Each structure stands twice: as structure tokens, then as C-alpha cells.
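Inspection log for the structure reproduced underneath, given as C-alpha cells.
The values are calculated or read from the model by the stated rules, or taken from the named source; none is laboratory data. Values in this document were obtained by computation on a predicted structure and should not be read as measured data. When we count neighbours, we look across all protein chains shown, and the Cβ atoms used for this are built from the backbone with ideal geometry, even at glycine.
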Amino acid sequence: MDNSKTGSLPPPEDQIVEATMSPPTSQAGMSELRRLLFGEKLESLKPTTTVKAEAVSEVLAEAIAQSHAQYSKKLTQAAVPTVESAIQTSVETDINVLSEALFPIIGPATRKSVAAAIRNLTQSFNQGLEHSLSPQSFKWRWEARRTGRSFAEVVLLRTLVYQVEQVLLIHKETGLLLQQVVSEQAQSQDPDLVSAMLTAIQDFVQDSFNVQSGGSLDTLEVGEVNIWIEAGPQAVLACVIRGNAPQELRGQLQTTLEQIHRAYASPLKDFEGDQEAFGSSQTYLQDCLKAQFKTRGNGQKQRPTKLLIGLGCLTLLLGAWLGLRIKAGQQWQAYINQLEQEPGLVVIQQKRQGGKFKLSGLQDPLAQSPDALLAQTKLKPEQVTMRWEPYLSLDDAFTLKRWEAWLEPPDSVTLKLDPDQVLHLSGTAPVSWINFSQRLLAKGGEGLRDWNTEALIPQEQQQLKALQEQIEQRSILFSQGSTNIEAGQQATLQAQGEDLAEVMAIAQALDLEVGRITLAGYSDPKGDRKDNQDLSQARATTVQQALIQQGIPAPLLQTQALGENHQTTPENPQNRRVSISIELPELETQSPTPPAP
Amino acid sequence: MIQKKVCMVGSFATGKTSLVARFVKGIYSDKYQTTIGVKIDKKVVETGPQPMTLVLWDIYGEDEFQNIRMSYLRGAAGYFLVVDGTRRETLDIAIQLQAKVEAHIGPVPFIVMLNKCDLEENWEVTPGDIDDLQAKGWTVLKSSAKENVAVETAFSKLAEQMSRPQSNSIPWEAA
């Protein structure tokens, strides 16, 4: 009410105000007004008047200060081109002036940046080393290949799980809190006290350890909590981080701090304890929090998946490996079983060492080759190492085989081993072989309880018998009443001679003596009995003479005149014949001595 | 909310910490004070046009050399000079400290706290001394942390002084 009342009352200087605000009616009136208002000073304010440098220099500092306080942006904008060209000119004139001025700033800044870069590198190297052999690393290597990034980069990206719990913006000079953001899950102490305490600690460290100006405490580590402090000229950014944050975050903090310095240059400079001016800096700080949340979120979401995939892969690999191992083991066991069933092979020891199989055992020289058996399995020869010692197997099959090998019997001989380990030899064989086998068996029947050669028939005996039968069946026929051999009978006589010669030869080879060879002469009953008796004798003698001529020893040939008393049938030419009979020598093999049991 | 940094300055055992303890309830234990030489507390004062948060830096006092960490005073908007009334030398030290502080951070409001007024009969600081201080234009208050005398008043008064526009707010006038 008061205000409205004062507003309605006409002010005393009403007319003057009106005069200055309304457009001038004439040039003369305007001049008059100026003279009334400014008096003698009017001359110096005229735009046409030369302004004295001294007068301006008196008020320049104050004017700039006031202008800065009221229209800071305008003045700054106006000054930019001048300042820029001033710097340019300074550099062109003498570069040393500026570089000397900037040196204290550039030095620490460069050092800081290099140190940060080295820290980044070390961290990434450590991470890479730590994870290069973990199960996940295979997945990461794949990811690195797929995305064309370095393995170290992928490891860094995937392993860092951390949370920025609190971000404090602190006024550097006073240590007062300007603004803060806290993540939802985090519990925080009174931020006003925390920021003051952090400032005190900073001061304490700086004072106590004689830190060069420009250096400051930038990390506090307590267990898994890290406090990262980023100091600017006016403000300090402190981040409470739980977990293992990447050095990139440091870069982000620096950027945020720079942005805040730019946006709040004048409130920071003129800070008198009023926090409200920094209310909008929450956005910057929140950005710091948000970015970290995202990383953490990913980490949380993907970790179980990663773990599951990793476990799955591991299980699959393990399964495949176990499967292969089991299969190889089964194949090996089957091979061992086969070896154990094979006569003449004895497995003494077998084991699995790493991926390889080892075996030692005994092998009969006659046994099946273990290598040949191995070739039939799916096992690879390089997987298997075998050592075989030779031995003699007493297995029946081997005893028989061994005797077969030793005796080398002719095809006509059969060897049989009965369950009582008695070797039975049967069939025909040359006497020489029969004698050889008997001698060999007598020397010591390896693996035999006894042996029997009774069923062995000497081959020569059979030959002699066959010749005997052949000779004795033939007859040499004569003409009636004559000692002349009938036409065509000469061949029979020849054959008889040859067969007899063979008998003689066989006997001689065996060192035997042939018994008597009887040439029996016959005649038919026609004519005188006495004449016939003589005729039969003459016929026998004829054959005798013929055989002697063929080389049969005379002393062995005996004649016998049987006259007409041995008729076959009447008128049978057989009644006029000479037949031959032989006494064969008794053929005996060496009497064997059975081996001692 | 307006915040101000306030420091407690004074010799050893003058009662700085007790005054703060009487005034606030802080979160940090006293051991910080001996560890890094400062203990920090906070109190909201409801005097003046709007409430003000005082962040109190209780600086560890050393008798022999008075070499308190001046860096802790940086940015302070005001401070208390705490004197033990029963020990005359603490007043002398306070006067020296005031000069040091002012040289370091400039002319900011401060209040001299003549503490332990519950033992006034044993005081070595005389009324004459007090007059001398007041003659310099200093604000002097007799206080007792033990009996809670003038504690609230002192902090309110300093808060009020700090909320006034500072004479050094325009740089060229100060220079």
C-alpha cells in the first residue's frame, strides 16, 4: 500500500525527468539543458572534444573493475580480440617473455599429464598380464580379434567394475563444499565436514612433505575405497570411488573440472560462502556419476552371463577331453585284453602316463606280433610305448608250433598234442626223417610229458611193398612146349628187371640186404610129366639169365621148377609162365628212448 | 545456504576444543586434531537474515613456537582468538597470533574469547588488559565452556559480523 501511494505522488523533479526523456524540441533548447545539468564540465564531455589521456588513466582501473562487476561478459568479449593480438604480438616480438611467464604453469601440467599417461600404461599392462591366462581371456581374445582392438584394451574394458559413490565440488581456498552428488546406494558422511577435512588433509600433506607448488594430493586409498582428488585453480573435485576405476576417469574428472571453471568463473572467484550459485553444477557432477553407473551396470549384467558362458565352454572342453580320454582308455583296455588272450604274450605292467600308454611284457618268438595287433586298433602307435622280453610259452598251441618248427615234418606227417602233453606223430615219412625226429625228441621233449611215434610209417617200406606186389603179380609167358618167351612178353621181363633193380637200390640206400628172389617156372600138362618138369626148370633159368643180364646179382636169383602141378585153368597161357617172388628185408627204425618226464 | 569457514586459534589448553564441543556435536573424534593438527565441526547458526553454516576448524595450538599451520587458516571468513584467563601468557600469544593471522589472510572479523570465566577469581588476565584489547577495537567476550557461558553468543556474534559486507570486498580500496 505504501509503495502504491508513493508511486502515485508526483515527484518534485518530475519536469526535469520529462525534459531528459522526451526528444529535444530544438538544438538550442538541448544545449541550454546541457549547460544547466553539467555546467563547466560540459566541454570535456563533448564527443568532439579531445579526451585527455591523463583524465582517462585516472578512472580506467575503476571503470574496468566496475564494468567487470556489472557486465563481466561484455567486457571479456570486448577484450578478446585485443588480448589475442597482444599475445600474438608478444610472441612475434620476443618469445622468451611469454614462455618465461608460462613456464611455471606448463612444467607441472606437462609432468602431470606424462605421469597420468604412464600410470594408464602401467595399469593396462598389469591388467593384461593378470588376465592373459584366465579362462575369460580366450573370450576376450576373440572379442579383441573381432573388434580390432588390442587385447589389453578389451581386458581393461571388461574387468573394471567400480562405482563412483560421491562427487564433491569443493572451493579450493576455503575448503567449503560448493556442491555434491551421491549415488543412490552409497552412504555418505556430512559432505561439509568431509570436504573441509579433505582440504585440511591436502594442506597437511602439502605442508608436511614440502611438496613443490603445483603438486597436490591426488589419490587417497583406503581398502577398496579410493578418493580421487582433482584440483583446479579455484575448485577441487573429489570423487569417492569404490572398486577399481580406470585412469580414463581421471581424464573425465579433469574435463568436468575445467567445464565447471569455465561456467562458474566469476562465482568461484567471488565466493562468499553462498552455495546457491553452484546449484546448476549438479548436472556436471551427475555426469560423472552416471558414466560410472553405466560401466558398473554393464559389469553387473554381463558378469553372470560371462561366467556362465565361460563355465559352459569349460564344461564342454572338459567333457570333450574326458570323452576322448575315456575312449582312448577303453581302446587301450580292449587292446590289453586282446594281448592277454593271445597265446605267447604276457602283459606284466601297463599304465597311463599323461596322454601316453606304457606297457612291458613277455613275448614268445612264435606269438602274434603286438605291433600288428596294435595296428588293428584305433590307437596311434606314437601314443604307445611297449617293451617286450622274449620267453618260451608252455601253452599247448605253442609247444605244438615249436615242435612243428623244430621237426619240420613232411606234409604226410601229422603232429598232435593231447591234453596230457603227449605228442603223437602219425603218417608216412622217410626213414631218415623218422630217425631224425626220434633223436630230437629223445634229446629232451621241451614242453612234452611224453611222445609217440608208433603211428609213423617209413615211406621206403611202402615203396618196397608196392614194388614187391607189382613184381609178384606179373607173369612172364612162354610158347607152348618151348623155352622161348612169347611174343610181346619181352617188355614184362624188362619191367620185372627194372623193378627188381629199384628194390635193390632202395635196399642198398637203407643199408639193407634183400632176401632171396625166387623165379618159379611152370608148364602146361601136355606131354610127358618129366619133360614138363625140365621145361619149367629151363624156363626159370631163361628168366634168370635174362635178369642177370639186366644187372641183378646172380647169387640172389634162385630158380624153382614147379612142372605141371600148378595149373590155373585148362588151356590158360598162364600155365606156361615164370613168376617172381621176393623176400623183403625187415625194415626197422631206430628204437626211440622216451624222454624223462 | 551461506557457509563460512571459522577457525579456532589460541595457545595449548585454552579451551578451544571444549568451546566447539559445547557448541556442536561433530562426527570426527579428537584424535584427528593431534594427528594432522585440526579438527573440523559444523554448526548452523540461525541469526541474521538467513541461516548460516559455520564450518569450524579447531586448530591445534602449540605453546612453545606458536607455529600453527597457517595454511589451515586460508579462506577463513572469521576466527576466534581463545585465551585462558588463568594464564597471562596465553593472552600475549593470542595478540601475536592475531598479527600473524591478519598478515596471512587479511582483516577478517574475529572475537577474543577470554575463557574459563568460571575460575575468574584465579585469573591472571586483568580488567586493564581487557580494556587495552577493547581500545584496539577488538570484540572481547568472557566465556566458560564448562558452564556454557557466552558460547552461543560468541558464535552468533561472529556470524553476524561475517554476514556484514566486508570492507575488503573491493580490492582497490583495500590496496
Query - Residue count for region B:17-39, restricted to those that are closer than 17 Å to B:Ala159 by Cα and either within 12 Å of chain A (Cβ to nearest Cβ) or modelled with pLDDT of 85 or more (or both) - result: 3
**Report entry** Single condition B:Glu89 does not satisfy, out of (1) within 18 Å of B:Val9 (Cβ to Cβ); (2) more than 14 Å from chain A (Cβ to nearest Cβ); (3) buried (at least 17 other Cβ atoms within 10 Å of the Cβ)
**Finding:** (3)
Requested in this report: Would you check if B:Gly128 is under 18 Å from B:Gln161 (Cα atoms) and modelled with pLDDT of 90 or more?
Outcome: no
Report summary line: Of those in region A:179-193 that are facing another protein chain (nearest Cβ under 9 Å) and either in a strand (DSSP E or B) or within 60 Å of the chain's Cα centre (by Cα) (or both), the residue surrounded by the most Cβ atoms within 10 Å (Cβ to Cβ) is A:Asp190
Requested in this report: Consider A:Leu217 carefully, then state whether it is touching a helix residue (DSSP H, G or I) at 6+ places or on another chain (Cβ under 6 Å), modelled with pLDDT under 85 and within 14 Å of chain B (Cβ to nearest Cβ).
Outcome: yes
Report summary line: Over region A:266-279, the set of residues touching a residue at least 12 places away in the same chain (Cβ under 8 Å) and either away from chain B (no Cβ under 14 Å) or farther than 14 Å from A:Leu177 by Cβ (or both) is A:Ser266, A:Lys269
Query raised in the report: Can you name the condition, by its number, that A:Lys401 falls short on among (1) of a type outside the set (Ser, Thr, Tyr); (2) assigned by TED's automatic domain parsing to the domain that holds A:Lys416; (3) modelled with pLDDT of 85 or more?
Result: (3)
Report summary line: The condition of being of a type in the set (Lys, Arg), touching a Ser or Thr at 6+ places or on another chain (Cβ under 9 Å) and at negative phi holds, among A:Arg474, A:Arg439, A:Arg449, only for A:Arg474
Query - Conditions (1) surrounded by 15 or more Cβ atoms within 10 Å (Cβ to Cβ); (2) among the polar types (S, T, N, Q); (3) under 23 Å from B:Val55 (Cβ atoms); number of the one not met by A:Ser280 - result: (1)
Query - Qualifying residue in region A:32-40 (condition: at pLDDT below 70 and over 28 Å from A:Asp270 (Cα atoms)) - result: yes
Requested in this report: Sort out which residues of region A:349-367 are aliphatic (A, V, I, L, M) and within 31 Å of the chain's Cα centre (by Cα), and write them in order of number.
Outcome: A:Leu359
Query raised in the report: In this structure, does A:Val222 turn out to be within 54 Å of the chain's Cα centre (by Cα), in the same structural domain as A:Ala277 (by TED's automatic domain parsing) and under 22 Å from A:Phe278 (Cα atoms)?
Result: no
Report task. Sort out which residues of region A:210-253 are of a type in the set (A, V, I, L, M), buried (at least 17 other Cβ atoms within 10 Å of the Cβ) and in a strand (DSSP E or B), and write them in order of number. Result -> A:Ile227, A:Ile229, A:Ala231, A:Ala235, A:Val236, A:Leu237, A:Ala238, A:Val240, A:Ile241
Query - Residue in region B:66-86 that is nearest to the other protein chains (Cβ to nearest Cβ), counting only those that are part of a strand (DSSP E or B) and over 10 Å from B:Val125 (Cβ atoms) - result: B:Gly78
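Table: residues versus (1) in contact with a strand residue (DSSP E or B) (Cβ under 6 Å, 6 or more places away or on another chain); (2) farther than 30 Å from A:Gln574 by Cβ; (3) among the acidic types (Asp, Glu).
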{"site": "A:Ser412", "(1), (2), (3)": "yes, yes, no"}
{"site": "A:Glu446", "(1), (2), (3)": "no, yes, yes"}
{"site": "A:Ala455", "(1), (2), (3)": "yes, yes, no"}
{"site": "A:Gln459", "(1), (2), (3)": "yes, yes, no"}
{"site": "A:Ala491", "(1), (2), (3)": "no, no, no"}
{"site": "A:Ala501", "(1), (2), (3)": "no, no, no"}
Query - Flag if A:Gln163 is in a strand (DSSP E or B), in contact with a strand residue (DSSP E or B) (Cβ under 6 Å, 6 or more places away or on another chain) and modelled with pLDDT of 85 or more - result: no
Requested in this report: Would you check if there is a residue in region B:126-139 being surrounded by fewer than 18 Cβ atoms within 10 Å (Cβ to Cβ), touching a residue at least 24 places away in the same chain (Cβ under 8 Å) and either more than 13 Å from chain A (Cβ to nearest Cβ) or in a helix (DSSP H, G or I) (or both)?
Outcome: yes
Requested in this report: Kindly check whether there is at least one residue in region A:240-251 that is within 14 Å of chain B (Cβ to nearest Cβ) and in contact with a helix residue (DSSP H, G or I) (Cβ under 8 Å, 6 or more places away or on another chain).
Outcome: no
Query raised in the report: Looking at A:Arg529, is it surrounded by 20 or more Cβ atoms within 10 Å (Cβ to Cβ) and either of a type in the set (D, E, K, R) or at pLDDT below 85 (or both)?
Result: no
Query raised in the report: Looking at A:Ile201, is it within 14 Å of chain B (Cβ to nearest Cβ), under 24 Å from A:Ala109 (Cβ atoms) and of a type in the set (A, V, I, L, M, F, W, C)?
Result: yes
